[in-house]
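What follows is a single structure, written as structure tokens, with notes after it.
The values are calculated or read from the model by the stated rules, or taken from the named source; none is laboratory data. Because the structure is a prediction, the values reported are computed rather than measured. FYI the Cβ positions are ideal-geometry reconstructions off the backbone, even for glycines, and counts take in every protein chain you see.
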Amino acid sequence: MEKEAFIYSLQTKLKTLDELLDEIDMHQSVGAEIMMLESEGITEDLPPD
């Protein structure tokens, strides 16, 4: 039996607003009607004030 290897990166890449809107459009084009955005996921990588 073959085992799959998964490699996870600890580095994150912030999406631009255009990338986020494109992703929302993609989900809507296949029928999504509700999008839930987690504020923690949006703000956790922001630098402190």
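Name every residue in the stretch 5-26 that is at pLDDT 70 or above and more than 12 Å from the chain's Cα centre (by Cα), in order of residue number.
18, 25, 26
For the stretch 30-43, give me each residue that is modelled with pLDDT under 70 and either part of a loop (DSSP other than H, G, I, E, B) or surrounded by 10 or more Cβ atoms within 10 Å (Cβ to Cβ) (or both).
Within the stretch 30-43, just 42 meets the criteria.
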